[in-house]
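The values are calculated or read from the model by the stated rules, or taken from the named source; none is laboratory data. All values reported here derive from a predicted model rather than from experimental measurement. Here the Cβ is made from the backbone with ideal geometry for all residues, glycine too, and neighbour counts use every protein chain on show.
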Amino acid sequence: MTVHFFRSLSPLSALLTHTRFLVTLRSRSRASEYHSLIVFRLSTTPLENDPHDHSSGPSQIFAMESTCPHLGADLSHADIEDTDVGLVAVCPWHRYDFDLRTGHSETGLKACTYRVETRMDDASRQEMVWIESPEGAGGWEVVELRPVSEEFADPPLAVPPVVADGQKAISDEPLPVAEQAPEPKSLLEYAVLILNTADAELKVERTRRAVSAFRTGKLKSIGRSQTLLNPPPDVPPRAQTMQIVQPGKVAKRGKAGSLKSRIAILHALANIEQWAIDLAWDIIARFGNERINGEPLPPQFFSDWAKVAEDESKHFSLLRRRLEEMGSFYGAHTVHAGLWESAQQTSTSLSARLCIIHLVHEARGLDVNPTTMAKFKAARDLESVKVLEIIHHDEVTHVTAGHRWFTYLCSKLNVDPVTTFRTEVRDHFSGALKGPFNEEDRRKAGMTPDFYEDLQGELGGGSRPTGDVGTKGIVEIGYP
């Protein structure tokens with residue numbers, strides 16, 4: 001008899017806002033092992049005469065691996081079709097169909113599917129959704145549960161999805177002639193195009209176009225078999241209107257007590273987010289052809305970093321709009337490229353890039369964001385706090401992505417992740433990693449204290465660096 005192990009996913013009510021969710025699971029016993037699932041909730045309205053039915057019983061919720069077993073395409077935007085043999089998810093890349101219950105396909109392939117149950121929790125009196133654990137093991141934790149996108153909001157939006165800056169999420173209108181470029185044929189080509197885009201708004205728009213095209217199958221090639229006509233730039237350009245200075249020359253931002261100070265802080269964060277968009281595309285463009293022990297990077301690597309790029313573009317738009325609501329604009333203050341210095345120092349090593357950018361700098365953001373939010377709350381700037389809370393929630397998942405792919409790399413190379421991380425930091429970072437650390441959110445992302453405690457970077461002899469992590473909730477090159 002087969003024994004199925006389940007773990008709690010979420011309250012049923014949390015799945016009623018959208019019809020599709022991405023789920024990331026991490027093994028409790030093997031921290032380098034992750035599973036990405038897609039949850040489909042097909043029904044939309046409760047039965048009229050049954051107050052206990054939320055139209056989301058186990059027969060209405062399905063879960064399967066988030067990538068197609070054919071070539072690894074993202075299944076988050078798969079079409080759901082009702083066929084003679086039952087409900088199937090149809091891959092947007094090559095139209096392979098997979099039964100939502102069994103995973104079987106008429107092509108002979110099989111996708112991994114997972115049973116879903118709803119159970120009443122006696123303590124909270126809530127219906128909870130439980131999902132079968134991969135490989136029949138109970139030792140998995142949910143590290144991410146998020147809606148696929150507003151395209152799958154329930155009830156559907158009355159108008160096309162709107163993003164933070166009030167524009168349509170993906171505009172079908174042609175770009176102005178001065179901004180046109182040949183339509184990229186692969187994800188790597190798109191990455192290089194976006195990296196070479198100086199205008200921040202156009203960078204955001206092209207990011208949305210690229211991610212949408214990749215998810216929906218309009219862009220069917222990652223591009224690893226092709227030679228890029230243009231390599232990624234050493235330093236992504238910026239609009240001529242931007243006032244770029246050395247990191248140490250940026251004006252003091254204050255402590256968020258005044259409107260002027262809060263504007264300066266949000267402007268600095270918007271600058272970080274613009275660089276963060278570039279960093280997500282750069283890891284795709286620069287390392288997309290890497291082979292680890294002879295194996296190419298899996299498609300999930302590209303899906304994850306494209307999602308990060310999309311998130312960072314959302315963050316930039318949220319901050320840009322908030323600056324305008326406060327009477328300012330992006331470009332009103334000086335900016336610097338200090339964060340990109342670390343990108344240049346790690347441009348030849350995927351391991352070093354993941355460690356320094358995503359597990360040092362981005363993880364430091366988890367430490368200082370709560371302090372920044374507290375300052376804005378004290379100033380009663382609650383609209384800005386809402387923006388910062390969205391950003392912080394997403395950043396936990398970005399550090400998780402860094403941890404996932406760093407530990408993947410270590411497992412393929414048969415090296416210890418903690419030892420390797422500490423070596424990379426000593427070799428590619430200057431100065432100490434100083435607290436206070438947000439241990440709770442770092443743990444959510446996979447970063448246990450043995451990674452980062454009592455760690456000193458020795459790049460350049462350990463003298464005070466542009467990337468020094470301070471003790472007062474400040475990262476001089478990045479976070480205010």
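Out of curiosity, is residue 75 in contact with a Phe, Trp or Tyr (Cβ under 7 Å, 6 or more places away or on another chain), modelled with pLDDT of 85 or more and either in the same structural domain as residue 131 (by TED's automatic domain parsing) or within 27 Å of residue 394 (Cα to Cα) (or both)? Spelling it out, it is not the case that residue 75 is in contact with a Phe, Trp or Tyr (Cβ under 7 Å, 6 or more places away or on another chain), modelled with pLDDT of 85 or more and either in the same structural domain as residue 131 (by TED's automatic domain parsing) or within 27 Å of residue 394 (Cα to Cα) (or both). Could you please let me know if residue 372 is touching a residue at least 12 places away in the same chain (Cβ under 8 Å), under 21 Å from residue 426 (Cα atoms) and hydroxyl-bearing (Ser, Thr, Tyr)? The answer is no for residue 372. Filtering the stretch 328-359 to residues that are without any contact (Cβ under 8 Å) to a residue 12 or more places away in the chain and over 23 Å from the mean Cα position of the chain (by Cα) leaves only 329.
If the condition is being assigned to a strand (DSSP E or B), exposed (fewer than 15 other Cβ atoms within 10 Å of the Cβ) and more than 28 Å from the chain's Cα centre (by Cα), then the stretch 108-125 contributes 119, 120, 121. The set of residues in the stretch 352-387 that are surrounded by 22 or more Cβ atoms within 10 Å (Cβ to Cβ), of a type outside the set (A, V, I, L, M, F, W, C) and farther than 15 Å from residue 269 by Cβ comprises 353, 358. Would you mention how many residues in the stretch 185-202 are closer than 15 Å to residue 240 by Cβ and either at pLDDT below 95 or part of a helix (DSSP H, G or I) (or both)? Count: 3.
Can we say residue 130 is surrounded by 14 or more Cβ atoms within 10 Å (Cβ to Cβ), farther than 17 Å from residue 40 by Cα, of a type in the set (A, V, I, L, M, F, W, C) and under 26 Å from the mean Cα position of the chain (by Cα)? It is false that residue 130 is surrounded by 14 or more Cβ atoms within 10 Å (Cβ to Cβ), farther than 17 Å from residue 40 by Cα, of a type in the set (A, V, I, L, M, F, W, C) and under 26 Å from the mean Cα position of the chain (by Cα). Of 108, 72, all but one fail to be touching a residue at least 60 places away in the same chain (Cβ under 8 Å) and among the small types (Gly, Ala, Ser); the exception is 72. Of the candidates 285, 306, the single residue that is in the same structural domain as residue 192 (by TED's automatic domain parsing), of a type in the set (A, V, I, L, M, F, W, C), in contact with a Pro (Cβ under 7 Å, 6 or more places away or on another chain) and within 15 Å of residue 194 (Cα to Cα) is 285. Kindly evaluate residue 234 against the criterion of being of a type in the set (Asp, Glu) and either over 25 Å from residue 401 (Cβ atoms) or surrounded by 13 or more Cβ atoms within 10 Å (Cβ to Cβ) (or both). No. You will find that of 351, 313, 317, the residue that is more than 22 Å from residue 201 (Cα to Cα), assigned by TED's automatic domain parsing to the domain that holds residue 417 and either modelled with pLDDT of 95 or more or not small (Gly, Ala, Ser) (or both) is 351 and no other. The requirement of being out of contact with any Ser or Thr (no Cβ under 8 Å at 6 or more places or on another chain), at pLDDT 95 or above, closer than 29 Å to residue 294 by Cβ and of a type in the set (A, V, I, L, M, F, W, C) is fulfilled somewhere in the stretch 422-441, by at least one residue. Confirm whether residue 280 is out of contact with any Gly (no Cβ under 7 Å at 6 or more places or on another chain), assigned by TED's automatic domain parsing to the domain that holds residue 346, assigned to a helix (DSSP H, G or I) and free of Cβ contacts under 8 Å to residues at least 40 places away in the same chain. Spelling it out, residue 280 is indeed out of contact with any Gly (no Cβ under 7 Å at 6 or more places or on another chain), assigned by TED's automatic domain parsing to the domain that holds residue 346, assigned to a helix (DSSP H, G or I) and free of Cβ contacts under 8 Å to residues at least 40 places away in the same chain.
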